[in-house]
Amino acid sequence: MKWIRKLLPGALPLALSLLVWLPLAFLGGGSLMSALELSGYLGPVLSDTPGYAFWRLLPCYPTLAPYVELLLDSPEFFVMFWNSVKLAAGSLLGQTFVAIPAAWWFARCSGRRSRGLFTLYIILMLMPFQVTMVSSYLVMDGTGLLDTHWSILLPAIFSTFPIFIMHRFFKAIPQSVIEAAQIDGASSWQIFFHIGLPMGKNGVAAAMVLGFLEYWNLIEQPMTFLKSKTLWPLSLYLPQITAGKIGLALAASVITLLPSILVFLYGQSYLEQGIMASGAKE
């Protein structure tokens, strides 16, 4: 009975983690199934054939045909893939020059004006896209940016969410360190580059990782602002696949998911270190 008591505390987290990963296992296995095998499993759902739909974790006859069709016979997939790369990379690059200095200013300036602006930023962050969708659409239409990638990039570059995250980490830098640098004659820019960025790099990395995961999977903004399919990101490619191309949809889902998994695994340590750094006190 003692060994059962030792195993019970870890059994529940293990079971929950398996439940989380189970859909991904189904996705990976389904992407290696043939069209005939998929139709046999999902026929009652896709084609109204009698019976019940079921699923196997591993394919009976593995095949790479869905990946071959996707990578060799689907040029629109690559167009939308590079559109997603442009939107994600452009958004993060813009935030590097806008959000990082803004977060530093909000964190180190304690005046009434900075506190008021930061409160305004928080209010804007709490507003979902559905609330500002109509006004944003009218602004983009009036400025001629509608149906261009700039209609996605500009709101992302000036997003308030990364400022909110990085502000916490910059705020955690001890004031004594800043004062010591000022006594040594360091300018504001030198303090920012040589103290702020190195000590707040975990917060910057955390904001960039979360930003990539958000902009790589954008759906509502592209559907609202982009009319031309040649400008669509990869997140809008999957809904366009018909039920007869379920194998293609599963393969596309796997490839779409890979960058997000790799970025998260690479940035996981930064997220953990950033959480620890946010608790640093003077």
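The values are calculated or read from the model by the stated rules, or taken from the named source; none is laboratory data. Because the structure is a prediction, the values reported are computed rather than measured. We place every Cβ from the backbone using ideal geometry, glycine too, and count neighbours over all the protein chains shown. Only protein heavy atoms, including side chains, enter the accessible area calculation; ligands, DNA and RNA are left aside. Shrake-Rupley method; radii C 1.70, N 1.55, O 1.52, S 1.80 Å.
Tabulated data for the structure shown
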| read-out | value |
| --- | --- |
| Share of Cα-Cα pairs in the chain lying beyond 34 Å, as whole percent | 40 percent |
| Additional length obtainable on full extension of the chain from PHE97 to SER176, 0.36 nm per residue less Cα span | 25.8 nm |
| Rg [Å, one decimal], Dmax [Å, integer] - region 107-153, C-alpha atoms | 14.7, 41 |
| FRET efficiency estimate (nearest 0.05) - Cβ-Cβ, LEU265 to SER110, R0 41 angstrom | 0.60 |
| Interatomic Cα distance distribution for region 69-134, bins of 10 angstrom, percent | 17, 26, 29, 16, 9, 4 |
| Accessible-area value, CYS60, 1.4 Å probe, nucleic acids and ligands omitted, Å² | 70 Å² |
| Helical segments meeting 20 Å axial Cα length and Kyte-Doolittle 0.5 threshold in the chain (DSSP H) | 2-30, 75-108, 112-126, 201-216, 246-277 |
| Equivalent ellipsoid semi-axes, region 181-266, via Cα gyration tensor eigenvalues times 5, rooted, Å | 42, 16, 7 |
| Percent RCO, i.e. relative contact order, over the chain, from Cα pairs under 8 Å lying at least 6 residues apart | 28 percent |
| Per principal axis, descending, Cα span of region 91-238 in whole Å | 57, 30, 23 |
| Simple label model, 7 Å out from Cα along Cβ direction - LEU14 to LEU238, nm | 3.0 nm |
| Accessible surface, 1.4 Å probe, highest first, among residues PHE225, PHE158 | PHE158, PHE225 |
| Sequence of ASP147, ASP184, ASP73 from largest to smallest accessible area, 1.4 Å probe | ASP184, ASP73, ASP147 |
